[in-house]
1. Residue separation times 0.36 nm, minus the C-alpha to C-alpha distance between residue B:626 and residue B:26: what's the value?
2. Hey, what's segment B:505-601 come to in accessible area per residue, 1.4 Å probe, Å²?
3. Quick one: angle between helix B:729-741 and the longest Cα principal axis of chain B, in degrees between 0 and 90, rounded to 10, please.
4. With an 8 Å cut-off on Cα pairs and a minimum separation of 6 or more residues, tell me the relative contact order of chain B in percent.
5. Only Lys, Arg, Asp and Glu count, each charged at its Cβ (+1, +1, -1, -1), so figure out the dipole size of segment B:383-425 about its Cα centre, rounded to 20 debye.
6. Give me the residues in segment A:179-206 whose solvent-accessible area, probe 1.4 Å, is reduced by at least 40 Å² once all protein chains are included instead of the chain isolated.
7. Calculate for chain A the 222 nm mean residue ellipticity that helices alone would give, adding -39,500 (n - 2.57) per DSSP H run of length 4 or more and normalising by residue count, nearest 500 deg cm²/dmol.
8. What number comes out for accessible area per residue over segment B:390-468 if the probe is 1.4 Å? Units Å², please.
Amino acid sequence: MSRAAVIVFPGSNCEHDAVSGLELAGASAELVWHTETDLSGYDLVVLPGGFAHGDYLRAGALARLSPIMDTVAAFAASGGPVVGICNGFQVLTEAGMLPGALQKNAHLKFHCKDSTLIVASSRSVLTRGVAVGTELSIPINHFSGSYVCDEATLQRLQDNDQVVLRYAENPNGSLDDIAGISNDAGNVVGLMPHPERACSALLGSTDGLVLLQAFVGAAVSA
Amino acid sequence: MADAAAPIHRQLGLTDSELDLIIEVLGREPNHLELALYSVMWSEHCSYKSSRVHLKRLPTTGDRVLVGPGENAGVIDAGDGIALAIRIESHNHPSAIEPYQGAATGVGGILRDIFTMGARPIAVMDPLFFGPPTTARQRWLLEGVVSGISGYGNSVGVPTIGGELTFDPCYAGNPLVNVLCLGALPTERLVLGIASGTGNLAVLLGSTTGRDGIGGVSVLASAGFSDDDDQSKRPSVQVGDPYEEKRLIEACLALLDERLVVGIQDLGGAGLVCATSETAARGRVGMDVDVTAVPTREAGMEPWEIMTSESQERMLAIVTPEGLARVQELCARWEVRATVVGRVTEPAIGPDGEPIGVLRIRKGFDGEIVAEVPAASLADDAPLYNRPLERPSDLDARRADDPARLGSADLGADLRALLRDPAWVWRQYDHQLFLNTVTGPGANAALLRLAGPGLPESNRGFALTTDSNPRLCSLDPRLGTALTVAEGIANLACVGATPVAVVNCLNFGNPEHPTVMWQLSESVDGMAEACTAFGTPVVGGNVSLYNESAGTDIDPTPVIGLLGLVDTLAARPPVLSWNDGDTVLLVAAPTVALSLGGSRWAREIHGATGGVPAGLDADAHAALCRAVASVIAGQVAGDHALVTAVTDVSGGGVAVALAEMAIASGSGLSVALEESPTAFFGEGPSRFILATADPDALAARMRAAGAEVTMLGVAGGDDLVLGQVATSIADLRAASTALLEGVSA
């Protein structure tokens, strides 16, 4: 069974939910404290949602300095699958592991609601085997989720098939309706929506499992 | 504000007779520091001195009650080794002065009350009351309060799963911001705020102590507002830091998990003096506090400032000397400050051999004693006032003025004006964290899985609702409060839950007005009668008085929070949306009468405040709610889904209820309804609207329980047609969002 590390910063709050989603997708998952520096034995790394270090200064700006982040970068550089969800996406951009940045929503309000996502690439570790154009119902929950980057970066993202997910209806002013992107190699993904919140019919949607199962599957093939 | 020339005890909010009582307790004149301690602990906010004689009349015991009123939170046994801690609080006056921080620290404060009991906070609800959001000031208050709840609650990591939003001119000068919190714990982890064991240490956890919030309970929360108060009272409002609170929650739960804590108490109103005196009083021990050991935010703070500061995100843990090193280690991991500030001491022995714990404030543990008072005299011995009661002299005239006489020029326009979708508010709240929220804000009641980090496995669920009916309470506080409890029971029935416990937040005007105390007394009686009839003990409450501005009291506003349980939660309950082709039924107790007295239509369309509200037949109401709950409990347990949509009929009557369902469904309905304000908007308890694909089976079950069943129509089409009044669903939807979307994008 694949073994996932869910990184916990002080201020993270979706770490238990991430563990639950990964377990439903077939992995075992453990919480790893941000001061650790060893990820050996793990097949997958998840940076969960929340407010790492209180989001002080800027969302993710302090978390990138936590001791674990050098190890996460090395894990990614060796091809290991990494996904950052919501605050985790913000951390990955601040750490330079993904291009661009996430700024405050266009309407300057926090938004927690259902959203419809459209799969834009089947190349990433989060969408491998999921057909382009697949619609997924997965909630968003963020204040700073509006993706921005310069024109050259956007062109590169589009040309290299790095736009992973788009919103069917743009909820926050994101450039090109972007909900999630990957790095060039496709093994590091950041997304604002919360797939772990869509893993149960009782809660309203199981579409998040489509993504998390692809991610867990990527551990074996990585 | 206090007059600078007045004697110091009066400046601090104490009366002359209260000063005499302090001198009698101490056997001498108090010094300034001691006077400051009494002034905050004997404030209305901390001592409930005007309301306690009435609150004694509430039923507080039941099979599931583990902890009743008087502790930091009520606790009930939810089964499967899981207990639920629940509390409701107000943060009205701070929010009127500084809406963002007032609301934010209201959330922070109640979370601490919950994790003090050993419970992880897993749900928050926010009943909010403002003036109509048609002025810049009301929009500023609304936006500030909602952003404060959103900013603090989302960040600290507790989902906000529901609430209430009421607009009425009576709240324009004094908005109400109530907050309910529920936490879950393994039953065996339950802890109480008790100090014990001579030589044990009092460790202050969390934030440093600053000059914010000094006098919050006495100067701010226990007096009304006049015109020029905004500026002068702002320093009494605290400032919140959700990141500090999040780490404090995790650190405290870790300490409790390792059983390192003998007793624990949050620092809220009245700060360190409250936490030290209450823990010592409950344990019948003394406590020495070294005021110089308290980490402060700025130099030069006086002992009275340190002892009464309401700086947020602080807890007081009583630990053994042997456990201290491990406590400090765990706190360091969570970057939480932990400082020994006190020691538990042997109680003195009173004249009758009884233990008397003495609270001593010292400069250094072996240093000068700057205050020395019996702990229980601060915590428990505030004078109780049985203030004069007087029925308002204009009440009979108002009750005789039935708003039915006013008529309606355009029933369709009235309906559109009464529609209000609060999604603008709750979309700003994380309502899904912890993966428990099956139905959240916008539903009749929130229904959640009974689960959370560190809890035993369970297939149960719990349901929460908050309700209020201030318009009805202003005409009949006794009946109005009973109807509010009844509405909560009906809301729980809509998600199949069995009601098990009540918490209440009594928001009233100035207790020195005899009419306000009459309202409070009547309201308590109405709650007691209803809770007895429905078998729901009251496990906690909060009283917020002095809700007045420029001499005018708010309408009596008792807010009722109801907790219900579901034995098996395996499927989603029906919500508001029906399917095309469903049959829509009105199901009512046989005794229901309707009235426009105190209705939303009378108040919001005509500004009319008169009339007599419809009465409550508690037995018939309970039987009807049980019948509805039974059908839906079967569905959420996984049985055949007989009911496709459900709501209870409350404010705005059957027209508003049907419009909300049509909007949610995107599917219309045509109903042969008499075209009168009473038929459209009349209010009365014990009515549900149910939609089903199998009306014969559903009607049979409801009739078997004694209910009257009326077929309203078959769902379909793009219009809601009531009598000859037709409105498109698109127009209804636009009307429902117009007011709040106008506040900001």
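1. Details: separation 600, 0.36 × 600 = 216.00 nm, distance 5.53 nm.
Taking 0.36 nm per residue and subtracting the Cα distance, the gain is 210.5 nm.
2. Details: 2480 Å² over 97 residues.
On a per-residue basis, segment B:505-601 sits at 26 Å².
3. Helix B:729-741 and the main axis of chain B meet at about 20 degrees.
4. Values: 1926 pairs, mean separation 110.9, N = 745.
Reported relative contact order: 15 percent.
5. Approximately 160 debye in magnitude.
6. Buried on complex formation: A:197, A:202, A:203.
7. Numbers: 5 runs with 52 residues, N = 222.
That comes out to -7000 deg cm²/dmol.
8. Working: 3000 Å² over 79 residues.
I get 38 Å² per residue for segment B:390-468.
The values are calculated or read from the model by the stated rules, or taken from the named source; none is laboratory data. Predicted, not measured: the structure shown is a model, and the values here were computed from it. Neighbour counts run over all protein chains shown; Cβ positions are idealised from the backbone, glycine included. Side chains are part of the model used for accessible areas, which takes the heavy atoms of the whole protein and leaves out ligands, DNA and RNA. Shrake-Rupley method; radii C 1.70, N 1.55, O 1.52, S 1.80 Å.
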